[in-house]
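Step one of this worksheet: look at the structure below.
Bear in mind these aren't lab numbers, they're just calculated from the coordinates by the rules spelled out. Since the structure is predicted, the reported quantities are computational estimates derived from the model, not experimental observations. Please note: Cβ atoms are built from the backbone with ideal geometry, for glycine as well, and neighbour counts cover all protein chains shown.
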Amino acid sequence: MTTGNEPDVIWAQSVGAVRWSIGELTNRRVHPFFIAYLHLRGRIVSESRESIAKPNWKTLSRYLRLPGGPPKKPHYRPLYDTPGNPNKYWLNENLAGSYSPASLRADQPPMQVVRKTPDGGLGLQSDHAKLALHHLLFDQRLEIYPFASFLYRDFGLLTEGPKPDPISLVDVFKEDWHFTLSEDQTEDFETLFTTNEPPLHLFEESSWNDDGEK
């Protein structure tokens, strides 16, 4: 319990936590379209629409940018349906080229979860979360802590002093990716993810203060 007089503290994830998250994800079989599905789902749910004509892949870009990759491949997505090939995890600048409707064939797993629209956009199939579990997660729910840890590796949590619990990261993920709007969205989350406790502490006090200065 805080008194209201404690200084604000920015908590960031430790390097060890991020390395753990990447190791967990790269050892797990996940279709590379899964994160694109989550982005599309979040947009459609939040805007109460049937489909999106032009997905905003720049929004997804901020979660995937990582320095140190191959030339002209600034995005890192540690998800693949055949784990073990690091070259498959790096994506080029143009995410639309990787996820555009034109690049999806009817017999591919993504098209069992989403659908093309006459205007060239994408919508969701009925029971899309269950279909995503089967076709994109291969009938095994994804552990949320390594997934959220990777996505928010460059973000910080602000508190009035106490170190945040790991569930705080899940709460941020659910809010940002629109899993809190209704019981149906909560059900989507529970269909896709498990919430097993991480085996290590995720957060450490950031070296950056409230003014953005070290």
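Would you list which aspartates and glutamates come within 14 Å of residue 54, measuring only between C-alpha atoms, while excluding same-chain residues fewer than 8 positions from it?
Once the sequence-local aspartates and glutamates are set aside, what remains near residue 54 is 119.
Return the lysines within reach of residue 163: Cα separation strictly under 25 angstrom, same-chain partners fewer than 8 residues apart disregarded; answer none if there are no such residues.
Filter leaves 174, 214.
Among the GluC sites (Glu not before Pro) within segment 8-88, which fall in a DSSP loop and have no more than 16 other Cβ atoms within 10 Å of their own Cβ? If you can, show how the numbers build up before the last one.
Details: sites: 24, 47, 50; in loops: 47, 50.
Hits after loop and neighbour filter: 47, 50.
Net charge around residue 52, counting only other residues with Cβ within less than 13 Å of its Cβ (Lys, Arg = +1; Asp, Glu = -1)?
On the way: positive: 41, 43, 49, 54, 115, 116; negative: 47, 50, 119.
Within the 13 Å Cβ shell, the charges total +3.
What GluC sites (Glu not before Pro) in segment 141-211 are in a loop by DSSP, with at most 14 other Cβ atoms within 10 Å of the Cβ?
Values: sites: 143, 160, 175, 183, 187, 190, 204, 205; in loops: 160.
Sites meeting the loop and neighbour criteria: 160.
Taking 25 Å as R0, compute the FRET efficiency from the Cβ-Cβ separation of residue 88 and residue 61 and round it to 0.05.
About 0.85, to the nearest 0.05.
In segment 74-165, which trypsin sites (Lys or Arg not before Pro) are in a loop and have at most 10 other Cβ atoms within 10 Å, using DSSP for the loop call? Before the final figure, lay out each step's value.
Working: sites: 88, 105, 115, 116, 130, 141, 153; in loops: 105, 141, 153.
The qualifying sites are 105.
Near residue 73, which lysines are there with a Cα under 18 Å away, not counting those fewer than 8 places off in the same chain?
Within the straight-line cut-off, residue 73 pairs with 58, 88.
Relative contact order for segment 77-214: what is it in percent, counting Cα pairs under 8 Å that are at least 6 residues apart? Display every interim value, and only then the final one.
Numbers: 105 pairs, mean separation 27.2, N = 138.
So the answer I get is 20 percent.
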